[in-house]
Ligand SMILES: NC(=O)c1ccc[n+]([C@@H]2O[C@H](COP(=O)([O-])OP(=O)(O)OC[C@H]3O[C@@H](n4cnc5c(N)ncnc54)[C@H](OP(=O)(O)O)[C@@H]3O)[C@@H](O)[C@H]2O)c1
């Protein structure tokens, strides 16, 4: 492991609707069934030493306890203070009826008193086991229900009341689902986590979210080249091979992965790229403040959208539903 240079002061800061600062880039912690919790935690250690302050966690990633050890170590060593960190976590689908218990478990694992941003990871209570394959289905799965979702959201609001979560958020939503639930929320989501990369720009949902003062957080910002088998199909487009990305990468002498992140930061979402490799995660952080893309390059990338969703979510389909598109309300109404 090389020496660390601290770039924290160079990373741009965004503001949530209530004015809370949040870094313009974070590090992801899902190992794609390929990297161990130890490797991921070690990367979080190096990432924070390099200047990352936003860490995107989830109980289903099965590494929060290791990350908690590392956060504790970083604070003990005086590398960072708690108030400088912005840590997220997410309630998994099998815990929608016991959100406080799930949040308390994540807090205990992460060794924190409160989480900065707590997500409903998926809007369905449909469970599938970690490491399952793409054909796996749960017979108890069912379609989205406004009532069930709002029951979960009320529990998230109670986390804010109890001081366990500073902000709450949603993930993997669609415009029809947001239209149905946002008017019912006592506390609005501070952020929406959504798949966002050059070949999948979700312009309509992105604009909808931004117009409501909600911060988009972009997952799979590099097109998740190491994603699990269940999330791969023959039609998928590799972002790092898009012509607009390759051209801009060459012009700036960057790896195409870095170009994807420059596009993300300049487009306005907060990307949360994953890497356990120091040269990669340092290059990714620097993408947020070094040698930005030109307006022409941004426009070329905007025109290169392929509508290529990678995390299709088919394992969450309910009996009778065969097409993963059903999870994403393709006709503008909740399926
Ligand atoms: N809310 C949700 O439902 C949801 C869903 C998916 C992901 N997420 C979050 O989003 C995070 C990021 O998504 P992701 O991990 O799927 O995909 P990603 O960040 O798009 O891709 C990560 C992979 O890109 C490669 N990479 C990273 N930096 C690079 C660089 N500078 N140069 C070359 N290659 C580079 C690495 O591949 P190698 O390993 O081959 O080096 C790494 O494993 C996750 O970790 C997780 O926190 C959330």
### Task
Note down the relative contact order for the chain as a percent, whole number, built from C-alpha pairs under 8 angstrom at least six residues apart.
20 percent
#### Entry: Length-normalised contact order of the stretch 193-335 in % [C-alpha pairs under 8 Å, at least 6 apart]
29 percent
### Query
How far apart, in nm, are the 7 Å Cα→Cβ label points at residue 322 and residue 15?
5.2 nm
### Query
Listing 231, 135 from the residue with the fewest other Cβ atoms within 10 Å to the one with the most, what is the order?
135, 231
### Message
Let me make sure I get this right: for the stretch 8-323, a, b and c are the square roots of the gyration tensor eigenvalues over alpha carbons, sorted descending. Under 1.5 in a/c it's rounded, otherwise prolate if a/b > b/c, else oblate. Which is it?
### Response
rounded
### Query
What's the center-to-center distance, using Cα atoms, between the stretch 284-326 and the stretch 13-58 in Å?
19 Å
### Message
For a quick check: sort 128, 72 by the number of other beta carbons within 10 angstrom, fewest at the front.
### Response
72, 128
### Task
Pop a pseudo-label 7 angstrom from the Cα along the beta-carbon direction at both residue 303 and residue 291 and give the gap in nm to one decimal.
2.4 nm
### Query
What residue among 272, 40, 187 shows peak mean-square fluctuation when the chain is described by a Gaussian network model with Cα springs under 10 Å?
187
#### Entry: Label-to-label distance, nm, for residues given as residue 65 and residue 3 (7 Å Cα→Cβ offset)
3.7 nm
### Message
What FRET efficiency comes out for residue 82 versus residue 161 if R0 is 22 angstrom and r is the Cβ-Cβ distance? Round to the nearest 0.05.
### Response
0.55
### For the chain, built as a Gaussian network whose Cα springs stay under 10 Å, the top-fluctuating residue of 319, 198, 292
319
### Task
Note the full-extension length gain between residue 132 and residue 229 as 0.36 nm times their separation in residues minus their Cα-Cα distance, in nm to one decimal.
34.0 nm
### Query
What FRET efficiency do you get for residue 187 and residue 334 if R0 is 22 Å and r is their Cβ-Cβ distance, rounded to the nearest 0.05?
0.50
### Query
Between 65, 94, 161, which gets the highest mean-square fluctuation from a Gaussian network model of the chain, Cα cutoff 10 Å?
161
### Query
Once you sort the root eigenvalues of the Cα gyration tensor of the stretch 56-148 as a ≥ b ≥ c, which label holds: rounded (a/c under 1.5), prolate (a/b larger than b/c) or oblate (the other case)?
prolate
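Laboratory data are not the source of any read-out in this text; all were calculated from the coordinates shown. All of these numbers come straight from a predicted model, not from anything done at the bench. Quick reminder, even Gly has a Cβ in these numbers, built from the backbone with ideal geometry, and neighbours come from all protein chains shown.
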